[in-house]
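Just below is one structure, and these are the notes that go with it.
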Amino acid sequence: MSKQRLLILSLFVLCLSAIIGYLDSIKTRFYIFDPKQLHTLAQRALIANGHLKNIDGELIPIPQENANTTRPVIDYIVAELRKTIDTRYLTNEEEWIFNNAGGAMGAMFIIHASFTEYLIIFGTPLGTEGHTGLHTADDYFHILYGEQWAFSAGSLDKEIYQTGSVHYLPKGTSKQFKMHKGCWALEYARGWIPPMMPFGLADTLTSTLDFKTFYHTIRISGREMIRNLLQGKI
């Protein structure tokens with residue numbers, strides 16, 4: 001490689017690094033969701049639909065016979081979000097697609113997707129387990145039905161997250177997780193979302209070969225990210 005080409009490449013890398021660094025420093029300006037408010041909303045939805053009960057100031061999960069009782073909880077959350085969040089940034093319809101990632105399988109409904117945030121309903125009535133992935137965004141997993149178990153390398157015991165609780169996974173960390181029996185959750189990620197997508201799509205290319213789901217995942221996620229970007233929401 002000539003010195004001139006090397007210089008051009010070095011300048012390109014420096015400029016790209018500067019742009020990425022600047023965008024990373026201002027990404028918090030573009031967040032439209034708050035983790036604490038989402039947790040409060042999830043708990044309100046559960047209380048309103050008989051999934052949680054306040055006993056002496058402590059929220060106690062009320063066992064449900066089946067996951068069908070989660071539908072009113074989801075409807076409550078989406079309806080409340082439409083009252084508090086500019087609907088331009090929310091999906092217009094409920095589109096469910098399978099998701100295979102890290103060896104785990106479930107289905108998801110995308111409520112919001114942009115370059116710095118996503119908010120989805122995710123789960124399965126059957127149970128599943130796998131690897132969380134190692135991501136560039138913080139992840140908040142609000143349990144709406146059932147339980148999620150998790151395990152960090154070096155720990156000798158499992159973490160248990162019940163209905164009404166939230167499993168927080170900081171960016172750059174990973175765990176093994178299991179959605180014990182059936183489990184549904186409101187999942188919120190904030191940070192850089194595009195680097196997370198290969199993890200969410202790799203199992204299709206290496207295992208399931210479910211290209212119909214692959215197409216719809218790209219179609220819906222890409223559509224929402226671009227739509228929000230055109231509205232100034234990174």
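The values are calculated or read from the model by the stated rules, or taken from the named source; none is laboratory data. All of these numbers come straight from a predicted model, not from anything done at the bench. Neighbour counts run over all protein chains shown; Cβ positions are idealised from the backbone, glycine included. For accessibility, only protein heavy atoms count, side chains too; no ligands or nucleic acids. Shrake-Rupley method; radii C 1.70, N 1.55, O 1.52, S 1.80 Å.
Scanning the stretch 49-65 for residues that are open to solvent by less than 70 Å² (accessible area, probe 1.4 Å) and under 12 Å from residue 144 (Cα atoms) turns up 49, 50, 51, 52, 61, 62, 64. Put simply, of 154, 164, 172 the only residue that is within 16 Å of residue 45 (Cβ to Cβ), in a loop (DSSP other than H, G, I, E, B) and out of contact with any Phe, Trp or Tyr (no Cβ under 7 Å at 6 or more places or on another chain) is 164. Scanning the stretch 95-133 for residues that are under 23 Å from residue 38 (Cβ atoms) and among the aliphatic types (A, V, I, L, M) turns up 97, 101, 104, 107, 108, 110, 111, 113, 119, 120, 121. Summed over the stretch 216-234, residues that are closer than 18 Å to residue 120 by Cβ and assigned to a helix (DSSP H, G or I) total 13.
Taking residues in the stretch 78-89 that are in contact (Cβ under 8 Å) with a residue 24 or more places away in the chain and among the hydroxyl-bearing types (Ser, Thr, Tyr), and partners anywhere that are open to solvent by less than 70 Å² (accessible area, probe 1.4 Å) and assigned to a loop (DSSP other than H, G, I, E, B), the pairs with Cβ atoms closer than 7 Å and at least 6 places apart or on different chains are 89/32; 89/233. Taking the listed residues 136, 206, 213, the one that is more than 27 Å from residue 28 (Cβ to Cβ) and touching a helix residue (DSSP H, G or I) at 6+ places or on another chain (Cβ under 9 Å) is 213, with no other qualifying. Taken over the stretch 78-97, the criterion of being surrounded by 18 or more Cβ atoms within 10 Å (Cβ to Cβ) and either assigned to a strand (DSSP E or B) or not assigned by the TED database to the domain that holds residue 137 (or both) is satisfied by 97 alone. Filtering the stretch 144-179 to residues that are at positive phi and surrounded by fewer than 20 Cβ atoms within 10 Å (Cβ to Cβ) leaves 154, 172.
When the stretch 188-214 is filtered for residues that are surrounded by fewer than 20 Cβ atoms within 10 Å (Cβ to Cβ) and acidic (Asp, Glu), only 210 remains.
Could you give every pair whose Cβ atoms fall below 8 Å, whose first residue belongs to the stretch 49-65 and is at positive phi, and whose second residue is open to solvent by less than 50 Å² (accessible area, probe 1.4 Å), counting only separations of at least 6 or pairs across chains? These pairs meet every condition: 50/69.
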